[in-house]
Amino acid sequence: MACAKKRLEETLVQITTTKLAGVLILSPARFGDARGFFSESWNRKTLAAQGITLDFVQDNHSLSAQIGTIRGLHFQSPPHAQAKLVRCGRGCLFDVAVDIRRDSPTYGQWLGEELSDQNGRQLLIPAGFLHGFITRAPDTEIIYKCTDYYAPACDGAVRFDDPDIGIDWGLPAGVAPILSDKDAAAPLLRDLDTPFVFEG
Ligand SMILES: Cc1cn([C@H]2C[C@H](O)[C@@H](COP(=O)(O)OP(=O)(O)O[C@H]3O[C@H](C)C(=O)[C@H](O)[C@H]3O)O2)c(=O)[nH]c1=O
């Protein structure tokens, strides 16, 4: 019975590893019918059955009106570091994680995944990683679960276009992204004394 139950939970969400250890791509099952679809976008028990036991305490939701809006690269420092489970509620975005854990074999490396209301994919980003995204459709809405509460005093950022990270945002040549003043003024990774340490 337990074996069948585990198999069922594995069918409810497919989990794919990435080149950055701990960053996972989740694909929850969608049950389609003539009306559209139903999907459990998050289920504690289903994820726990596959070894993901993060305790989410806050949901965030933002709308970005224009294509080419970049929000990021952000993090919260300990003791309020956040792991995030990110999805796209409407539109399309390219979600990016950057490893900033000192001594990590993938320190400064990035990966991106397209999340959309069509593909239903989610990105799980552990604490110790920068998070940011660029929108690829107008009126794109991002929805994400966080494992700690908003703590402005612990808020941190790194420039989206940091040459040492080298993220390919897919912006056409010569097209500037839409940024908040805060993001436009963010420091470079080389000037950040990262508060995170790789723990294997
Ligand atoms: C993050 C946050 C913000 N706010 C308030 C603070 C500001 O008055 C307003 C906009 O905040 P901000 O410009 O920091 O929003 P984003 O640029 O979307 O920042 C987020 O974008 C990247 C992609 C992230 O992963 C982080 O969750 C977060 O840094 O919302 C809150 O009240 N609670 C919160 O948890």
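Every number in this text was worked out from the coordinates using simple rules, so none of it is lab data. Here the structure is a predicted model, which is why all the values come from computation and not from measurement. Ideal geometry is used to build each Cβ from the backbone, glycine not excepted, and the neighbour counts take in all protein chains shown.
In segment 57-83, which residue that is in a strand (DSSP E or B), surrounded by 23 or more Cβ atoms within 10 Å (Cβ to Cβ) and under 12 Å from the mean Cα position of the chain (by Cα) is nearest to the ligand (Cβ to nearest atom)?
Gly72
Do you know which of the residues in segment 84-107 that are of a type in the set (D, E, K, R) and at negative phi is farthest from the chain's Cα centre (by Cα)? Before the answer, list the steps.
Quick first cut of segment 84-107, residues of a type in the set (D, E, K, R) only: 84, 87, 90, 95, 99, 101-103.
From what's left, at negative phi: 84, 87, 90, 95, 99, 101-102.
Details: Lys84: 6, Arg87: 8, Arg90: 16, Asp95: 6, Asp99: 12, Arg101: 16, Arg102: 20 Å.
If we take residues in segment 84-107 being of a type in the set (D, E, K, R) and at negative phi, then Arg102 is farthest from the chain's Cα centre (by Cα).
If Gln50 satisfies every condition in (1) in a loop (DSSP other than H, G, I, E, B); (2) of a type in the set (S, T, N, Q); (3) closer than 27 Å to Pro195 by Cβ but one, which is the exception?
(3)
Any residue at all in segment 108-124 that is in contact (Cβ under 8 Å) with a residue 24 or more places away in the chain, under 16 Å from the mean Cα position of the chain (by Cα) and under 14 Å from Gln82 (Cα atoms)?
Yes, some residue in segment 108-124 is in contact (Cβ under 8 Å) with a residue 24 or more places away in the chain, under 16 Å from the mean Cα position of the chain (by Cα) and under 14 Å from Gln82 (Cα atoms).
Kindly evaluate Asp103 against the criterion of being over 30 Å from Val175 (Cα atoms) and within 11 Å of the ligand (Cβ to nearest atom).
no
Which residue pairs have Cβ atoms under 7 Å apart, sit 6 or more places apart or on different chains, and have a first residue in segment 28-40 that is touching a residue at least 60 places away in the same chain (Cβ under 8 Å) and a second that is of a type in the set (Asp, Glu) and surrounded by 12 or more Cβ atoms within 10 Å (Cβ to Cβ)?
Correct list of pairs: Pro28/Glu40.
Which residue is farthest from the ligand (Cβ to nearest atom), if the candidates are limited to segment 173-200 and must be of a type in the set (Val, Ile, Thr) and surrounded by 12 or more Cβ atoms within 10 Å (Cβ to Cβ)?
Step one: list which residues in segment 173-200 are of a type in the set (Val, Ile, Thr), which gives 175, 178, 194, 197.
In the following step, the residues that additionally are surrounded by 12 or more Cβ atoms within 10 Å (Cβ to Cβ) were identified as 178, 194.
On the way: Ile178: 11, Thr194: 16 Å.
Among those residues, the one meeting the criterion is Thr194.
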